[in-house]
Structure formats: C-alpha cells, structure tokens
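Working notes for the structure below.
The values are calculated or read from the model by the stated rules, or taken from the named source; none is laboratory data. It should be emphasised that the depicted structure is a prediction, and the values quoted were computed from it without experimental measurement. FYI the Cβ positions are ideal-geometry reconstructions off the backbone, even for glycines, and counts take in every protein chain you see.
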Amino acid sequence: MPRPSSDEREDMSEQSNETPFRYTARMAQDIELAWQDRWEESGTFNAPNPAGPWAEPERVASLGEKLVVLDMFPYPSGVGLHVGHPLGYIATDVYSRFHRMLGKNVLHALGYDAFGLPAEQYAVQTGQHPRKTTEENMTNMKRQLRRLGLGFDNRRTFATIDDEYYRWTQWIFLKIWDAWYDADAVRPDGGRGRARPISELVEEFESGRRAPLTEDGRGWADLTATERARVLAGFRLVYQSEAPVNWCPGLGTVLSNEEVTNEGRSERGNFPVFKRNLSQWMMRITAYADRLADDLDGVDWPENVKRLQRNWIGRSQGARVTFPVPLASGELAGQKGGIEVFTTRPDTVFGATFMVIAPEHPLVDSLVPEGGWPEGTHADWTGADAAASATPKEAVAAYRLAASRKSDVERQTEGKDKSGVFTGSFATNPLTGEAIPVFVADYVLMGYGTGAIMAVPGHDERDFEYATKFSIPIVRVVAARPDGGDEPLTEPFVADGFAVNSANATVSLDGLAVEDAKERIIAYLEDGGDGRGTINYRLRDWLFSRQRYWGEPFPVMFDDDGVAYAVPDDQLPLTLPDVPDYSPKTFDPDDATSSPEPPLSRVPEWVNVEVDLGDGRGVRHFRRETNTMPNWAGSCWYYLRYLDPANHETFVDPANESYWLGRHAEPVAGAPAGTVDPGGVDLYIGGVEHAVLHLLYARFWHKVLFDLGHVSSEEPFRKYFSQGYIQAYAYTDSRGQYVEASEVEEHPGAHGEEPTFTWQGQQVFREYGKIGKSLKNSVSPDEMYDAFGADTFRVYEMSMGPLELSKPWDIRAVVGSQRFLQRLWRNVVDEETGALRVADVAPDQALTTQLHQTIAGVRDDFEGLRFNTAIAKLIELNNSVTKLEVPPREVVEAMVLMVAPVAPHIAEEMWSRLGHDDGVAHAAFPVSDPAKIVMGQVTCVIQIKGKVRDRVEVSPDISEEDLRTLALSRDKVRAATEAGVRTVIVRAPKLVNVVPV
RNA sequence: GCGGACGUGGUGGAACUGGUAGACACGCAGGAUUUAGGUUCCUGUGCCCUAGGUGUGCGGGUUCGAGUCCCGCCGUCCGCACCA
C-alpha cells in the first residue's frame, strides 16, 4: 500500500475542520505568493533617483534621508541555494524594510556576478554555452530569492555578462589604463599622491616640465611614437609586465596572489600553482598601498577585517641600505655598486655580520667568482652537496637548482631548518667597514623587500639560527641597559633597548634608544648616500589577466610594433565573440612547464582587425588582446551601477552618485579623531572570505575613480558588517563516508551520555561543518518554504543568534518561529471563524508599559542589527497579549508593524485584515512614548554581602532612605545583622546591599 | 611560532555603563484537546539535596557586589606564517 505523500498528510492535519483559519504552511504560502505579486505590481520597493533617466526629484524630496544597503554580489551557481545563503539577504532586507518604515529613501537591489570559472567549467562538462547555463542558474536563483520576499528594487537588477554592464566595466578599465599615479600631486584632503589622466603626463613631457627617463638621455621630442608609448606604459595604472606569476595548469590560467592559498594551490579547484615568468596585465594597486591602509581608519568596518587588509598590505617602516660588494674583477657589483637591502632595524647595521640574497636574485651570478673558494671560506659554507662543492660556481648552481625545484609548500614544511651556500663574495658593512660574507639562502624571499637582507644574528631569530649553524660571528648591538654591551648573547635579543657597540669614527649610536638610533642612523646613511628611510609593502601589484573565455574582453589592441591602444569609446562594448570552442586549454595539473593558451586566441577573425584610430595614421592592422578580465572586475563597481542602471550616457550620473554615496557630515561610528566620513554605501553585509580580495580591489578602483573625478565618495563601503555562517551537522558511517543527514535518527544518550546516531539502522558519527553537497547535509530554502513558509524561515534565521556568529542549522527548532507567528496570527484572527479578534479596548498599565519598552528596544535592536533580541522582545510582548481574552487593537497593530520587517507577508495580511489599505511596507514604525512607561511595582533585590537573600515589591519612586529602612527591617536582614551593620548600599529602587559587621 | 577572538544549562543563545545569571527559542517531562499519531494549547525545566546550598573553562586579585574589570593557566576557533 502506498504511503501517503507529505501533501496528503498535510491535508489531513492542516485543513482541519475545526481550525480552517489557522496559520499553517499552506496558508503562509497563499499569503506570501499573493503579497509578492502585489509588491511587484505596485513597485513597492522602487527607490526614486534624484537625477538620470529615472529622475523623480519630487519623490526624493518627499522622502527622508537616503540609505543604501548592499549585499554580496551573488554568483549564480548551478546547484542552487542552501539555507545558509540567504542569511545576509534576509538581514539586509529586515534592515531596509525597517528604515523604509522610518520614512527613508532606501535603495536595496540585487544583481548577478555571472562571469567566472565555475560556469565555464560546467559549460565545458555539459557541452553547453556558458551564457545558457549561467542564465538558467540566474533564473532559478531569482525564483528562490523572490519566494523569500526580499524587498529589492527589481528595476535595478542586472548581470555582469550584460553587454550594457560590461561596456562600463571596460570603460572603467580604460580610465584606469589611461591614468598614472602622481605621488606628488596634492589631493583635496591635503594628502599627497593621486591618479591623473595620462594626457596630463604627456603634457608635462611635451612642455619639458618633466623629462622621460630614457637610457640614452634623449628627450620626449626625440622619441618615436612607439618609444613614447613605451615610456607611458611605465606610468600607466594598468601595464603589461614580464614577471613571475602564479601559473595554474589545472585551471589553464594565471591567478592573482590573492587567489593562491597558503599551501600554494588555487583557491578555486585546489590545483597546484607554479611560479612562471609570463607577460601579463597588472594593475598598479601598490601605488595606493598607503591610502588603502590609512583610509581604513575612516570606515566603520569590523576590526578583524581591517586587520586582515592591513596585514595583506603589510606596510613596514624601515630603510634601504646598500652594502658595497667589491668583486674579484675590481669592480663593484650591480648598478648600485652593491646589494641593496630593506631593513626595519637600521639601528642594527653595526651588527650585520653577513648578508643573504634569495636564490632567484638577479645579482647572484655576478657575485660568484671564477675559480676556487676565496680565503676565509669556512668549511661549512660550501653547501650540503659534497659533489658540487669544489667551487663557488658549482655550489651556488647546485643550491639554486635545488631551491627552484622546491615548491612553496616544501620551503614552508622544511620550516626553520636553515640551508644556504656562500657565494664566494664579501660585502662591506658600510658602518664597520668589515668584510662580511654573502650567502645564497632560501629563507630570504625574492618577493619581499629587495630579495636580499643584511643579517644581524644578534637581534633576529632567523639570522641567529643561520649564524649558529654556519659559525658566523654574532655581535651584540642592542642591550636592555645602555651599559649592557658586554652581556653575552645566548639567544637573539629582539626586545626594545639601547644601542651598544655601535660607533665608528664618524657616527655613534651608543646609548640611544632603538627609535632614536633608527632616526640618527637613517639621517647618517642618507647623508653618505648609503641608504634612505623608506616604507616597504607586502602588497604586490594585481595580476589582472586570465586565460579564460568567460570573462570581459580587454578593450585593448596591439599594433604591429606591439604597442597597446585603447579600443575607442564609441566601439564599446567590445563584445565577447561566440566561438565554436570556448573551453580553455587545461593541462596536467602538475605540468609546471605548460603555457597558457587563451581560448580567444583561437578566433583569428576576432583577433585581427583593421581600424582607423583617427590619429592620422590611417587604417592599420591590430591584434586584439586575447586574455579576459578576472571575475573580480565586474564586482569592483556593481554597487555604483545599482545607483543608475538605466543610464546609457555614463556609468552613473554624478548627481545620483553623490546623492546615494556622498559623504556624511559626521565621521563614521568609532572613527579616530580627525577622520572624515569617506562616503560609500551605508551598510554592506557579507562574509569574511572577501576581506582581502573583493573588498580591497573594489576600494582600489573606487579610489582611482575618485581621483579622476568620476565619483565624489572616497570609499565604496562606509560600513561593512561581517556575518557568520550557518553550518550544519554531517554524519559519517563506519567507513568514513558521508550519509544523507536528513535521514539520520538521533537517540538520546542515557543520563548525560552523548546521544548516538543511526542511519538505516547502522551507527553513524556526527561532525560539524559547512553546508554543502559534499557533506550531504544541504537543506534548500524551497524545502523551508514548503514546510513552513518564507516568513517562518526568515524569523528563524534572524532569531538563531547574533548575525556575526556562525551557528548550527537545526531544522527541529524552526517550529518555534512558526509557533510565534501562529500565536501572533491568533491574536488577530480567530482560527475557527476567521473573524477579527482585536477590539478597541485600552491595554492595562502593565501592558502599555511593556508595549512602549518593547518599541524602544526593538528600534534599538533593529538599528544595531540585533535581530535575535528584537524577535525575543516581540515574542514576549505577544505572549502577554495571548493571555488576554480580547487583544487590544493598539498593541496588536504595533506588534504587526514591528514584526513587518522580519515577517513581511504575514504582517501585510494582518495589517490589511485590521482594516488598512495602505500596506505595511511604508507605514510608520511605532514610536515609543517614554511617558507611557510607568512602573507600578518594582522588585527590589536585597543582598547580604553581595548575595541575593530577599526580594520585596516596592514603588518605583521609593526614596533611598525609605528603601534602606525597609530593607533593614526585613527578617532575613535582621537575622544576618545581629552583630551590627557595617555598610548599606542602596540603589533605589532595584537593589539594596547590606554588609554586616 | 606570531597576532586576534572566544569559553554561560542537554542545545542555539540573553544579560545596557560591574548591580536579580540563564531572557527568547529548541529539547525534555507532565497535563489538556484528539479514536490514535501528528498538530495546537497549558504547566514545569541550571545543578545538587528535604530545608538549604551551589553555579558563567580553571586558579588568583580588585570591589559592598564580578559572566562583565585585572593577572596567570587550560581549551576552542580564526588569521598570518622564514615579511627582513
């Protein structure tokens, strides 16, 4: 016999004859679908713009302040949403709806980040065009989100793959390409350094105010067009560079530093990544390193996200110092006459007893002498490979080969065990004049600083280890006390202290504190030309090209001399051609020697074009750039497009930009003194996973647009809120295979024992982790809509706990949220008759007080994104009303309005049944009247020595004196104070603390 | 290794500037409705015991009073990782 389907069971129970008007999942669905249609028909959430194609200045003027609320740009994945995804969208929707009820002009919209690798990979697997699969995915995702009742301005939606959108992505790219960073230019805020149009640089060259740095000293006028283009390329904020990049054969593309994990693998797909020298497009984000770090002070972001960005930028103050290296030939090494190092401790140059350069350092070859080891070579220094230790040349070559074969992972896992070989050259310590050996060792990284260090073993742990292993002298130049110069060093001294043993004929640091010593020695080195104070960054320029099909084409083409030209504005967008074979060429993931091959390069009719650029050179042949932009490009500016998506004249009308994102008069909450509000969206909610990728890239683009005068705000995201994740339990069987979590049965453990779990009769084991297919613990929003309705789902997600915390999904607990809505519904509608239950009766004093306390609390909580406590307060108020025979209309209506941001459909339905035709979305949020918060009796706690021993009901305005007398007269207090009273602390009316002798 | 955050019932979590610890919810127990299961509703529920005691990871400190402030441990999570 077939089992009844869940629908039939639902019919049996929910369409009970006795309670036909109960708020069930079925009724929720009817209500929700109806209101979603009504909202859409009437454009309830459309926000008026002051300017541009949708200008409605009168409507803007009729509304209060503006508010821009932003969600993470969703990527339409093929597997659909799970219950963790909408968390942030629900939170922003609640916040937006709340502020709409406060009368604000709220802009909340959602588009789709639709270019990118997964769509392309999926398309390759299924043999369909990525556009087709992407659009199908978007359709499904839109359906799932619409069913959730999110109040988006649907007119403002778009996808990054729309021609009309990526036209402007390309336009912005060209603005960045057509700009250079003038480190000396003064900004409006008084700081130095900003982007300027490249035309202004050309003008400076032409007028002679600036001379191009050419090798042969020729001036601008003497250069050919091609040479001039090359000079300009050295300044542009987008440039091509032949440099070591992250090549990922498994994905068939190169990746940015930010997309490579600590383990040296791709963030997407977890394939090995190799360093290869390839010519690639870079964005000069390092020019903005200081501002990207400094301006974090002015935004309202969680401290941990700010810290992540600051760490990634990695600014450190120090000095660059050149150590001369006399070669066997009698000449000095390198262009600077030696090895330039970066150090944060220039005060310890006197203690530098050796130097180390990275194996990949270009100077290595010139340092290695012909012939045998020089005098003074220690036996340990010739390398671990005895067969190759006869000469420096062999030893260094062997070491470099070994180092090049090590992956980053191996370098790390080998940890602190230092290795290295002597190059055969000695450098001169510029302060002591002593000859110090130069080593090649892989604990120095080519990618940081200058790729070479001065080693101060007395005051650096790594150098100390190396010196100990290779028998190199260790000198103390810092001590805890100014006279501590003779104290032995059994371990590196890295603490703050005073310079010692740091003097030569012309300078002495002895006795100076570290900071003063740094200052003194930098001045000295600058005088002598041996060094200069400088700031070093960990941040590298942003690798911007990908060898993929499914991305924005670069609006760039090359002439036959290889000079890059912008595709003219009137030819944008440069559309992505439909090609027969859009699959990228991927390789064996471990094949480090493979080379990228962009799919677009296989479309010669698209690549080769004849164009007249109007520069007087007529129609010429050009080759288009065949790389595409990374996924991040589209998400770097989408929040700007929401402001004015129908504008075909410009990417955003300046009046719309300054209205929605302009600066506020007040600095953001918690900003240090002296900062000003930078502008940007008013609330951005998302996960921490984008802290150093999207959030950094978007800030960079925004600042370039600001410098070039295209936006008035200096930051894209004024306030950022980092949400937690919803996680879920997963279960494995005895072989460690995951089993379907929804089919697992729990068996409570006896008497405090851990519970046990079974699946199809066999024992399984519980784990806790991300929601997803691989752990077989995914629950879709659709299942929630069917079983409970969208409002219950929204209430549950918002009441689980603080938004910033990660918490476990517990489907059994959802019923609590449903019961709350059912009880609320029952206070409005009779379950049996459908009649209205409220009446115009006045609530009693206690309920009036509770109502106005609740209003005040809920307002505070909504504003502070504490939705869980707001809901708790509403439940308490509702529970009070539930106890009454006749629910007072005043209280019920206030509750309906207060619950509306969280459970908008049921609120609309109740509001309309209560006789209002104007809808709840723009109704005024209740206002708390402090005068109505009147306490009849207050419980006063009586403590004896801080422990609660008694309670007494008192009037809220009891005097301290009366309360004191009352407390002392209580039996329990008298019993405890027979020996006398030492002190009585009275905090009327709620607390008395009696301290006996 | 360095840096940061956090430890509260069986569970998720409340507790504003130090002032009734455990709001609200799940779960659990008992009861009502129901032919029954489910649903719904009501009551109870930190722990130990009878009164009473005890309790916010552990140990100490400041205070009339500490989940909250300070010091030292232990544990969990996150970030960075030879960054010169």
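Scanning the range A:627-649 for residues that are more than 20 Å from A:VAL299 (Cα to Cα), assigned to a loop (DSSP other than H, G, I, E, B) and touching a residue at least 60 places away in the same chain (Cβ under 8 Å) yields A:ASN627, A:MET629, A:PRO630, A:ASN631, A:LEU643, A:ASP644, A:PRO645, A:ALA646, A:ASN647, A:HIS648. The number of residues in the range A:978-997 being in a strand (DSSP E or B) and of a type outside the set (Lys, Arg) comes to 11. Reported count of residues in the range A:657-684, each being surrounded by fewer than 23 Cβ atoms within 10 Å (Cβ to Cβ) and touching a Gly at 6+ places or on another chain (Cβ under 9 Å), is 11.
Looking at A:ASP71, is it farther than 25 Å from A:GLY864 by Cβ, acidic (Asp, Glu) and in contact (Cβ under 8 Å) with a residue 24 or more places away in the chain? No: the conditions fail for A:ASP71.
Residues are listed down the side, and each one gets a yes or a no for (1) in contact with a Gly (Cβ under 6 Å, 6 or more places away or on another chain); (2) under 24 Å from A:VAL478 (Cα atoms); (3) among the charged types (D, E, K, R); (4) surrounded by fewer than 19 Cβ atoms within 10 Å (Cβ to Cβ):
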| position | (1), (2), (3), (4) |
| --- | --- |
| A:ALA523 | no, yes, no, yes |
| A:SER545 | no, no, no, no |
| A:ASP561 | no, no, yes, yes |
| A:TYR565 | no, no, no, yes |
| A:VAL607 | no, no, no, yes |
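Residues that are assigned to a helix (DSSP H, G or I), near RNA strand B (Cβ under 8 Å from one of its atoms) and polar (S, T, N, Q) within the range A:299-316 comprise A:ASN304, A:ASN311, listed in sequence order.
Kindly evaluate A:LEU705 against the criterion of being within 16 Å of RNA strand B (Cβ to nearest atom) and either closer than 22 Å to A:ASP113 by Cα or assigned to a loop (DSSP other than H, G, I, E, B) (or both). Judged against the criteria, A:LEU705 is not a match. Put simply, of A:ALA328, A:ALA319 the only residue that is surrounded by 21 or more Cβ atoms within 10 Å (Cβ to Cβ) and either touching a helix residue (DSSP H, G or I) at 6+ places or on another chain (Cβ under 8 Å) or not in a strand (DSSP E or B) (or both) is A:ALA319.
Tell me yes or no: at least one residue of the range A:116-127 is among the β-branched types (Val, Ile, Thr) and modelled with pLDDT of 90 or more. There is no residue in the range A:116-127 that is among the β-branched types (Val, Ile, Thr) and modelled with pLDDT of 90 or more.
Considering A:GLN240, A:GLN280, the condition of being at pLDDT 90 or above and part of a strand (DSSP E or B) is satisfied by A:GLN240 alone.
Taking the range A:322-353 as the range and being under 41 Å from the mean Cα position of the chain (by Cα) and of a type in the set (Asp, Glu) as the test, the residues that pass are A:GLU340, A:ASP347.
Applying a threshold of 8 Å to beta carbon distances and a minimum spacing of six or more residues, or different chains, the list of pairs starting in the range A:881-904 at a residue that is closer than 16 Å to A:ARG859 by Cβ and away from RNA strand B (no atom under 13 Å from the Cβ) and ending at one that is at pLDDT 95 or above and acidic (Asp, Glu) reads A:ALA900/A:GLU908; A:PRO901/A:ASP93.
Does the range A:416-441 hold any residues that are in a strand (DSSP E or B) and either among the aliphatic types (A, V, I, L, M) or without any contact (Cβ under 8 Å) to a residue 60 or more places away in the chain (or both), and which are they? Of everything in the range A:416-441, those that are in a strand (DSSP E or B) and either among the aliphatic types (A, V, I, L, M) or without any contact (Cβ under 8 Å) to a residue 60 or more places away in the chain (or both) turn out to be A:VAL421, A:PHE422, A:GLY424, A:ALA427, A:ALA435, A:ILE436, A:VAL438, A:VAL440. In the set A:GLY116, A:GLY88, A:GLY78, only one residue is free of Cβ contacts under 8 Å to residues at least 60 places away in the same chain, within 22 Å of A:SER778 (Cβ to Cβ) and either in contact with a Phe, Trp or Tyr (Cβ under 7 Å, 6 or more places away or on another chain) or surrounded by 20 or more Cβ atoms within 10 Å (Cβ to Cβ) (or both); that residue is A:GLY78. Inspection of the range A:703-717 finds no residue satisfying the criterion of being within 25 Å of A:ARG819 (Cα to Cα) and in contact (Cβ under 8 Å) with a residue 24 or more places away in the chain. Scanning the range A:336-374 for residues that are surrounded by fewer than 21 Cβ atoms within 10 Å (Cβ to Cβ) and touching a His at 6+ places or on another chain (Cβ under 6 Å) yields a count of 0.
Pairing each residue of the range A:908-937 that is in contact (Cβ under 8 Å) with a residue 40 or more places away in the chain with any residue that is among the β-branched types (Val, Ile, Thr) and in a loop (DSSP other than H, G, I, E, B), provided the two are 6+ apart or on different chains, yields C-beta distances under 8 Å for A:GLU908/A:VAL920; A:LEU914/A:VAL838; A:GLY919/A:THR44; A:ALA921/A:THR44; A:HIS922/A:THR44. Checking A:ILE985, A:ILE944 one by one, the residue that is without any contact (Cβ under 8 Å) to a residue 12 or more places away in the chain, among the aliphatic types (A, V, I, L, M) and within 10 Å of RNA strand B (Cβ to nearest atom) is A:ILE985 and no other. Scanning the range A:920-940 for residues that are surrounded by 12 or more Cβ atoms within 10 Å (Cβ to Cβ) and within 13 Å of RNA strand B (Cβ to nearest atom) yields A:MET935, A:GLN937, A:VAL938, A:CYS940. For the range A:353-379, a residue qualifies if it is touching a Leu at 6+ places or on another chain (Cβ under 8 Å) and either within 11 Å of RNA strand B (Cβ to nearest atom) or over 12 Å from A:THR423 (Cβ atoms) (or both), and the qualifying residues are A:ILE357, A:ALA358.
Restricted to the range A:442-485, and to residues there that are of a type in the set (Lys, Arg) and more than 7 Å from RNA strand B (Cβ to nearest atom), the residue that is nearest to A:ARG315 (Cα to Cα) is A:ARG476.
Quick check on A:VAL349: is it touching a Gly at 6+ places or on another chain (Cβ under 7 Å), within 16 Å of RNA strand B (Cβ to nearest atom) and either in a helix (DSSP H, G or I) or not basic (Lys, Arg) (or both)? So A:VAL349 fails the test. For beta carbons closer than 6 Å, sequence separation of 6+ or different chains, a first residue in the range A:143-166 that is at negative phi and in contact (Cβ under 8 Å) with a residue 60 or more places away in the chain and a second that is among the charged types (D, E, K, R) and not in a loop (DSSP other than H, G, I, E, B), the qualifying pairs are A:LEU150/A:ASP93; A:GLY151/A:ASP93; A:GLY151/A:ARG97. Against the conditions (1) out of contact with any Phe, Trp or Tyr (no Cβ under 6 Å at 6 or more places or on another chain); (2) within 16 Å of RNA strand B (Cβ to nearest atom); (3) in a helix (DSSP H, G or I), A:PHE862 satisfies every one except (1). When A:TYR659 is tested against the conditions (1) within 19 Å of A:ASP300 (Cβ to Cβ); (2) part of a helix (DSSP H, G or I), the lone failure is (1).
The strands (runs of 3 or more DSSP E) found entirely in the range A:744-832 that carry 1 or more residues being among the charged types (D, E, K, R) and within 12 Å of RNA strand B (Cβ to nearest atom) are A:745-747, A:762-770.
Scanning the range A:724-732 for residues that are touching a Leu at 6+ places or on another chain (Cβ under 7 Å) and of a type in the set (Gly, Ala, Ser) turns up at least one hit.
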